[in-house]
């Protein structure tokens with residue numbers, strides 16, 4: 001087998017890992033709703049999720065599943081505290097100001113931010129296919145938000161929404177830069193563990209109370225183990241197999257498509273023509289993203 005074919009198969013496996021991660025992320029809304037119904041506040045879910053994620057990392061270290069040298073690597077800690085924490089906080093404020101649909105749509109401006117980082121930091125110029133894939137992704141995300149755009153958009157909410165997309169893109173870009181030579185599972189475990197200090201700090205600066213009930217702990221545990229640990233292990237494994245950041249960010253928009261599907265299947269949310277058009281654009285973006 002030629003080296004180029006081996007590389008192609010390796011990247012193909014990595015892309016499947018990214019899609020699997022996006023599928024797991026798509027269940028965030030369902031699990032969070034169940035947590036709210038069980039008595040957790042938004043900040044309560046955030047703190048419980050990250051506390052349990054940190055506990056899972058600790059248990060993984062004791063069991064020898066993760067490498068201490070990676071979990072305590074200053075680059076991993078830096079990504080968690082300087083990029084993941086503001087990403088979570090800005091997205092929280094975006095949801096508060098804009099609602100879930102519009103906030104999610106602005107979150108998926110991430111491919112455009114990654115292109116901007118690559119252009120600025122690497123002087124890398126994308127081809128027309130990547131530019132078109134980025135345009136289709138953002139347009140598809142906006143269409144999937146559908147009727148959510150019917151109301152007024154506050155300037156503050158718009159800033160928070162765009163900031164969440166920028167910081168999300170930065171977490172992907174930075175992780176791709178450091179993942180070479182580091183064990184992906186340990187990188188995922190480390191970033192999730194070091195998010196706990198950020199979550200605790202958020203309770204000081206963000207409005208609302210920290211309310212956690214025993215009944216909502218199963219939802220928090222699911223978010224910690226499946227959505228935080230397992231999904232990021234898959235995502236970072238994809239990056240380690242050569243899936244470049246821009247393509248990974250576009251593949252991750254499967255999350256938005258599936259989250260809309262869960263709402264339709266489980267909560268009887270309407271599936272409109274706009275949703276269908278958004279799905280078509282995002283599907284087209286997947287095909288274009290792999291080209292030059």
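Derivation of every value follows stated rules applied to the coordinates shown; laboratory data play no part. Nothing here was measured: the structure is a model prediction, and the numbers come from that model. Every residue, glycine as well, gets a Cβ built from its backbone with ideal geometry; the counts of neighbours run over all protein chains shown.
In Å, what Rg and Dmax follow from the Cα atoms of the range 146-234?
Taking only Cα atoms of the range 146-234, I get Rg and Dmax of 16.6, 48 Å.
Explain nothing, just the number: relative contact order of the chain, from Cα pairs under 8 Å at least 6 residues apart, as a whole percent. Please list the in-between numbers first.
Values: 446 pairs, mean separation 122.8, N = 292.
Reported relative contact order: 42 percent.
Going by how many other beta carbons lie within 10 Å of each one, how would you line up 229, 123, fewest first? Show your work: numbers first, answer last.
Numbers: 229 23, 123 7.
Least to most surrounded, the residues fall as 123, 229.
Hey, what number do you get for the chain at 222 nm if only DSSP H runs of n ≥ 4 count, each worth -39500 (n - 2.57), divided across all residues, to the nearest 500?
Values: 17 runs with 216 residues, N = 292.
For the chain, the value works out to -23500 deg cm²/dmol.
According to a simple spin-label model (label point 7 Å from Cα along Cα-to-Cβ), what is the distance in nm between residue 200 and residue 273?
Result for the modelled spin labels: 5.4 nm.
Just to be sure I understand the model, the point goes 7 Å from the Cα along the line to the Cβ. What's the resulting residue 119 to residue 265 distance in nm?
3.8 nm
Sort 206, 260 by Cβ crowding within 10 Å, fewest neighbours at the top. All intermediate terms of the calculation are to be shown ahead of the outcome.
Details: 206 16, 260 23.
Fewest-to-most ranking of 206, 260: 206, 260.
Provide Rg over Rh for the range 85-204; use the alpha carbon set for both Rg and the Kirkwood Rh (inverse mean inverse pair distance). Kindly include the intermediate steps, with their values, before the conclusion.
On the way: Rg = 15.8 Å, Rh = 15.6 Å.
Ratio of gyration radius to Kirkwood radius for the range 85-204: 1.01.
Could you tell me the calculated FRET efficiency between residue 177 and residue 69, based on Cβ-Cβ distance and R0 = 22 angstrom, to the nearest 0.05? List each step's numbers first, then the result.
Details: r = 18 Å, r/R0 = 0.82.
In this case the efficiency is close to 0.75.
Quick check: residue separation of residue 154 and residue 77 times 0.36 nm, minus the Cα distance between them. What number comes out in nm? Can you show the working numbers first?
Details: separation 77, 0.36 × 77 = 27.72 nm, distance 3.35 nm.
Between residue 154 and residue 77, full extension yields 24.4 nm more.
Using a 10 Å cut-off around each Cβ, can you sort 18, 205 from fewest to most neighbouring Cβ atoms?
Details: 18 26, 205 7.
Sorted ascending by nearby Cβ count, the order is 205, 18.
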